[in-house]
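Asks: Dumping the structure here so I can ask a few things about it.
The values are calculated or read from the model by the stated rules, or taken from the named source; none is laboratory data. Because the structure is a prediction, the values reported are computed rather than measured. All Cβ positions, glycine included, derive from the backbone under ideal geometry; neighbour counts span all protein chains shown. The area values use the complete protein model at the heavy-atom level, side chains included, leaving out ligands, DNA and RNA. Shrake-Rupley method; radii C 1.70, N 1.55, O 1.52, S 1.80 Å.
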Amino acid sequence: MAKVACPYCYQRIDGAALWFQCLGRGDADHDGCRKRVDDARRRMTGFKEPVLPTFPPPRSQRVRPVRLAWCPDCRGRTGVRACPECHTPLPPNFGDSFSPMIAMFGGKGTGKSVYLTVLAKELRSAHLRRRFGADIRMTGDRQGGFESSREWLAENVERMFTEHKLLEATPQSVDGRREPLVFEWRGERRRWGRTSYRTSYLSFHDTAGEDVGTLSGAQDLAYIGAADGLILLLDPFMLPDARERLRLPASAIRSTEETMAVVDRLTQSLRASNGVGGSDRISKPVAVAFAKMDAFFDVLGRDHPLCQEPRRAPLYDERLGRATHEQVAALLDKWQGGDIEQHLRQNYRTFRYFFVSALGAPPDYDNALVEGGGVSPYRVDEPLLWLLSLRRFGVVPCGRAE
Ligand SMILES: Nc1nc2c(ncn2[C@@H]2O[C@H](COP(=O)(O)OP(=O)(O)O)[C@@H](O)[C@H]2O)c(=O)[nH]1
Ligand SMILES: [Mg+2]
Ligand SMILES: [Zn+2]
Ligand SMILES: [Zn+2]
């Protein structure tokens with residue numbers, strides 16, 4: 001049976017044997033179940049609120065998949081599916097087919113929280129949905145029990161887009177960890193005159209990044225290991241040659257780890273969690289996104305192709321993507337980042353560079369404020385669109401924009 005990664009706990013689970021979650025309705029003779037804290041869910045995902053109980057599918061499920069089940073305690077009917085490991089409710093259709101998961105990785109101070117806020121806001125806005133005719137949802141938009149991730153996002157958006165303040169450093173989670181933000185992207189795929197639907201899950205786990213330099217925790221390892229594709233966010237300010245060109249204030253330097261060390265940490269995590277030997281290259285595709293690139297607009301000059309916002313077509317523009325990759329590779333080479341390129345080539349079968357800026361302009365680093373015109377994200381969706389356009393995901397069409 002199809003093993004899929006749970007986007008909440010990152011365990012590989014059998015998509016055909018998902019559990020059910022009681023709706024607490026009971027029947028004519030029984031009171032409905034009540035909510036209580038689920039220890040497995042708390043331990044595995046950090047979710048602490050009381051929730052309705054979950055239960056395994058009836059035995060007949062093994063012979064013929066069922067969509068509905070009756071709660072063994074209150075006899076109420078339910079069609080809500082849940083992860084057998086962490087008991088988190090899963091979106092309808094989860095596990096029906098290949099449900100690849102995409103994850104994000106980066107060192108402390110790289111801009112992960114800022115990037116995640118901006119990307120999540122774009123994913124929730126209408127324009128990506130319209131552009132791709134896709135069904136994109138954040139889990140929790142139609143299910144209860146995800147208030148904490150929604151609140152996290154709403155607070156960050158308010159802070160950055162309205163109050164024009166940068167985020168405080170992500171606090172280290174005290175009791176377990178915070179739940180990831182999970183999006184479901186359902187796209188139409190047309191091949192040989194037939195239309196089918198493909199779904200991918202984006203699970204963004206905003207690490208505090210405190211354990212820089214170490215393989216931080218089993219959870220992080222499981223997260224990286226479960227992902228079918230990755231966005232690796234890198235801080236260009238940690239490339240010494242690039243930093244020198246920019247004359248940045250000291251307050252702009254937020255990372256402590258060399259870019260190469262972050263890349264190497266990802267490689268080691270992937271090798272460890274997936275058992276890829278040293279002589280094989282890693283097959284998971286990695287979108288290598290350089291963040292904060294607004295800092296280079298002036299250095300490169302506005303005529304530089306990287307500084308021009310591409311047209312938005314209803315597909316991932318493969319030709320433009322390749323050109324961007326080459327242009328970033330050339331910059332990296334100029335900034336003595338050749339070891340990064342070499343490492344990626346030696347360790348990964350599929351990777352591509354991206355030039356992104358979540359803020360769209362340099363902030364007031366000293367006062368942690370977004371400058372002037374406010375947040376105007378620059379090419380932040382491209383790493384994700386590339387991954388989703390790869391044949392193995394097939395969620396976003398790939399081609400050439402006219
Ligand atoms: N120039 C520029 N700086 C950014 C951008 N995003 C983040 N930063 C800077 O990086 C700092 C850390 O960002 P944050 O998202 O908190 O990093 P995290 O530790 O990876 O979560 C911010 O306070 C900003 O100074 C960006 O798009 N452009
Ligand atoms: Mg953070
Ligand atoms: Zn789970
Ligand atoms: Zn019940």
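Asks: Reachable lysines from K334, Cα under 28 Å, same-chain residues fewer than 8 places away excluded?
Replies: Hits, sequence-local ones excluded: K108, K112, K284, K292.
Asks: Which one of Y365, L331, A242 is farthest out on the positive end of the charge dipole of the chain, using unit charges on Cβ (Lys, Arg +1; Asp, Glu -1) and the Cα centre as origin?
Replies: So the residue we want is L331.
Asks: Could you give the accessible area per residue of the chain, probe 1.4 Å, as a whole number in Å²?
Replies: Values: 18830 Å² over 402 residues.
Accessible area per residue: 47 Å².
Asks: Got a sec? Which residues in region 355-396 would a label at E168 touch, if it sits 7 Å along Cα→Cβ and we count backbone N under 20 Å?
Replies: Of the residues in region 355-396, 364-370 have backbone N under 20 Å from the label point off E168.
Asks: How far is helix 112-124 tilted, in degrees, relative to the longest principal axis of the Cα atoms in the chain, given as a value from 0 to 90 rounded to the nearest 10?
Replies: So the helix axis and the longest Cα principal axis differ by about 60 degrees.
Asks: Another question, then. Kindly provide the pair-distance distribution of region 7-60 built from C-alpha pairs, with 5 Å bins from 0 and whole-percent values in order of increasing distance.
Replies: Per 5 Å bin, starting at zero, the Cα-Cα P(r) for region 7-60 comes out as 5, 16, 19, 25, 19, 11, 5, 1 percent.
Asks: In addition: Quick one: what Rg and Dmax do you get for the chain from the alpha carbons, in Å?
Replies: When restricted to the Cα atoms of the chain, Rg and Dmax are 21.9, 74 Å.
Asks: Now, a different point. For the peptides 377-386, 336-345, what is the packing order when you average, over each peptide's residues, the other Cβ atoms within 10 Å and list the highest mean first? All intermediate terms of the calculation are to be shown ahead of the outcome.
Replies: Working: 377-386: 22.4, 336-345: 15.5.
Ranking the peptides 377-386, 336-345 by packing returns 377-386, 336-345.
Asks: Once the Cα atoms of helix 338-347 and of the chain are each reduced to a long axis, what angle between those two axes, in degrees from 0 to 90 to the nearest 10, is obtained?
Replies: Rounded to the nearest ten degrees, it is 30.
Asks: Roughly how many debye, to the nearest 20, is the charge dipole of region 101-399 about its Cα centre, given +1 on each Lys and Arg Cβ, -1 on each Asp and Glu Cβ, and no other charges?
Replies: 1560
Asks: Enter the accessible area of M260 (Å², nearest 10), with the probe set to 1.4 Å and all protein chains included.
Replies: 50
Asks: Then there is this: Please report, as a whole percent, how much of the solvent-accessible surface of the chain comes from carbon and sulfur atoms (probe radius 1.4 Å).
Replies: On the way: 8790 of 18830 Å².
Accessible surface attributable to carbon and sulfur in the chain totals 47 percent.
Asks: Still on this structure, please answer the following. Subtracting the Cα-Cα distance from 0.36 nm times the residue separation, let me have the gained length for K3 to A261 in nm, one decimal.
Replies: Working: separation 258, 0.36 × 258 = 92.88 nm, distance 3.20 nm.
Net length gain for the segment: 89.7 nm.
Asks: Separate question: If you fit an axis through the alpha-carbon atoms of helix 259-274 and take the longest principal axis of the Cα set of the chain, what angle between them do you get, 0 to 90°, nearest 10?
Replies: Computed tilt is about 30 degrees.
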